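Here is the structure we will look at, set down as structure tokens.
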Amino acid sequence: MTFLQNYIYYIASFGLVLTGLYIIMVKKNLIKVILGISILETGVNVFLISLGYQENGTAPIFSRIGLSANRMTDPVPQALVLTAIVIGLAVLALALTLAIRAYRYFGTLNLMKIKDQKW
Amino acid sequence: MNEIIYFNPVLLIAVPLALAFLSPLLGLISKKSVKYLPVAGFLANTGIAVSLIPRAIEQTIVVRIGGFPPPFCINLVAGPAGILLSFLIAVTGFLVALYSLRYINQDGEEKYHVLYLLLLTGATGVVLTGDIFNLFVFFEILCISSYALVAFFGHKAGIEASVKYLIQGSVGSSLLLLGIGFLYGRTGTLNMAGIALFIQNTSPGEMLIPLFFIITGLGIEAAVFPLNAWLPDAHSSAPASISAVLSGIAIEVGLYAVIRMLFTIFGVTELFPVFMVLGVTTLVIGEMCAFTQQNLKRMLAFSSIGQIGLILFAVSLATSQAVAGGIFQMLSHTAGKALLFLTAGYMILNTGSHDIESFRGIGRRMPLISLGFTAGVFSLVGLPPFMGFASKFSIIRAALSLGNTWVYIMTGFVLTATVIEASYFFRVIQVIYFHNNEKPGLALKVPASSLAPILLLMAVIIIIGIFPGILTDLLHNAAGDIANKIDYIRSVLG
């Protein structure tokens, strides 16, 4: 039980990552796959953020004089996650644009039918 | 004047990035002038890179962004390998930008040039950076620009290829970020030299999981064997200039990132046989799939997969000579494959079809373009007066000098794959020159600005093929930069 308590954020983030990977690999609808990409990226972001967590830590901002840095959570993963969220947003926008175009050409969003180019 | 002006390596990244942001503003004033910006930018980059080569060889240039000391700052490490590859990116960027001046004339051409500048900014950034998250950011800039550029022509094949590429590329990027998270959580630093120092002092077993995630993530862009399903569609549906840049630069930069991870950061010497097998498998499968193709650009795309396998094989032999051979093969593959894709672009425009059979007799109608294509083929296959011979020969010689039976068997596979490569390429040459055309193609005059890069690439391939000694010194320094972990750590952290 304490294992679950100590590592709950990591377990949750891996759950999200595995869910995202499952969706991308198994689902045939293009929009579902794009949602899967988004869930995968969210899972990775949660993993990164939980790396910086400290018990009873506070925000890494020197908001009062005399605040010491040892009770603060790590600000580096927070910067990484901000960048990663923005990158994920750009990829999602591009993916949805391509999905609109693909629907216009193929008439369907079923990935099994969007398969003009084979061997 | 006796003092030489030294440029800062940051300019190699800053110039194309600034031009990419200025292009839309310039496009508001006059759409026709945006296409000259990439040409100017990469000409400047070539000059900067050439002026930095002597200085990078004598001592690796470490640029500390923001002025903080190394473990805390994001730093650029412009060593011989980094500057050589950024020189390659700048020259290829310049030549292909020159080619695109007249090749790309659709609506929205200014968007093409913005994306093109961003793609090469990302590539230069990956090659020069010394911080692992900075690698991820530049890698993403590279990948996202290439997803959009593959779909640039907007036709059915391009959209399908871009969708598949995007899905696989996003999975790769997420895995890469996961691996970076593991590394940061374990080592506490994002600086590549800092991580290398930490890993050197701990047991290698616990680094297997981050290694697996990072290599898989980067391997999707580098197109090593099980992860290359996106490549044939993407490179064959993209505009010819973008195919040249993707095959010549993007996948090689991905492979460079893999190599940097393996040698410098993780330093795993026991896993190199695995990568040797992976390289040879990629090579053999790429060449065999290319053999069955009827579509010219798809055939060239599979050939790119094969060449990446060859470079991975060369580098995983782990001697300094072999790594130098691998880097030389990177250079010759870029020159040869770019030449092939650029000439194929106009050949396809002339006949209106991608099929090899439709190029019958085009050797008579477009003599210079066909000559360029033939030179590219001979260089890639590895025939003597061309650059590809020098690079392949140096790889085989490095492989045979190891004296290991297992390596001899792998070299046998490599040479067999070269024979298969020769067979399908020579079939195309036979169709071009020795068959007669039944129907005449469109009379298309190739503009001078598209012909110039083709002639320049031919000249480069022949000159370096005849005098490979020009590059030997530089290649050995670059190989030393990659293979020597201790020197890298010492030059960054002091």
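So what are the three principal axis dimensions of region B:10-493 from its Cα atoms, in whole Å, longest to shortest?
Principal axes ranked by extent give 69, 61, 41 Å for the Cα atoms.
In whole Hz, what ³J(HN,Hα) sequence does region B:171-178 give by Karplus (6.51, -1.76, 1.60; θ = phi - 60°), x for Gly and Pro?
Along region B:171-178, the couplings run 4, x, 5, 5, 5, 4, 5, 4 Hz.
Net charge near residue B:446: determine it from the other residues with C-beta under 14 Å of the C-beta of residue B:446, scoring Lys and Arg +1 and Asp and Glu -1. Don't skip to the answer; put the middle values down first.
Values: positive: B:102, B:365, B:445; negative: none.
Taking every Cβ under 14 Å from that of residue B:446, the sum is +3.
Based only on Cα atoms, what mean projected area does the convex hull of region B:306-446 have, in nm²? Write down the numbers at each step before the final one.
Working: hull surface 33.5 nm².
So the mean shadow area of the Cα hull is 8.4 nm².
Find out how many positive minus negative residues lie around residue B:104, taking Lys and Arg as positive, Asp and Glu as negative, among other residues whose Cβ is under 14 Å from that of residue B:104. Don't skip to the end; give the middle numbers.
Numbers: positive: B:31, B:32, B:35, B:102, B:111; negative: B:107, B:109, B:110.
With Lys, Arg at +1 and Asp, Glu at -1, the net is +2.
Computed over the Cα atoms, what is the radius of gyration of chain A divided by 2.2 N^0.38 Å, N being its residue count? Present the calculation step by step, with values, prior to reporting the outcome.
Values: Rg = 19.7 Å, N = 119, 2.2 N^0.38 = 13.5 Å.
The value comes to 1.46.
Under the rule of -39500 (n - 2.57) per DSSP H run of 4 or more residues, summed and divided by the residues of the protein assembly as shown, what mean residue ellipticity at 222 nm is obtained, to the nearest 500 deg cm²/dmol?
That comes out to -24500 deg cm²/dmol.
Which residue, A:95, B:189, B:127, has the largest displacement toward the positive end of the dipole of the protein assembly as shown when charges sit on each Cβ (Lys, Arg +1; Asp, Glu -1)?
A:95
Grab every C-alpha pair in the protein assembly as shown, bin the distances at 10 angstrom width from 0 up to the longest one, and report whole percents.
All Cα pairs, binned at 10 Å, distribute as 3, 17, 28, 28, 17, 6, 2, 0, 0 percent.
Residues of B:139-151, mean number of Cβ from any other protein chain within 10 Å of their own Cβ, rounded to a whole number? Display every interim value, and only then the final one.
Details: counts 0, 7, 2, 0, 2, 5, 0, 0, 5, 4, 0, 1, 5.
Average neighbour count from other chains, rounded to a whole number: 2.
Could you tell me what a quarter of the Cα convex hull surface of region B:18-158 works out to, in nm² with one decimal place?
Mean projected area of the Cα convex hull: 9.4 nm².
Looking at the calculated P(r) for region B:140-294, what percent of the C-alpha pair distances fall above 21 Å? List each step's numbers first, then the result.
On the way: 5776 of 11935 pairs.
Here the long-distance tail beyond 21 Å is 48 percent of all Cα pairs in region B:140-294.
Where does each of B:275, B:21 land when they are ranked from fewest to most other beta-carbon atoms within 10 angstrom? Spell out each step's value before the answer.
Values: B:275 21, B:21 12.
Placing the least packed residue first, the sequence is B:21, B:275.
FYI, it's all coordinate maths here, none of it is from the lab. Since the model is a prediction, treat every value here as computed from it, not as a measurement. We place every Cβ from the backbone using ideal geometry, glycine too, and count neighbours over all the protein chains shown.
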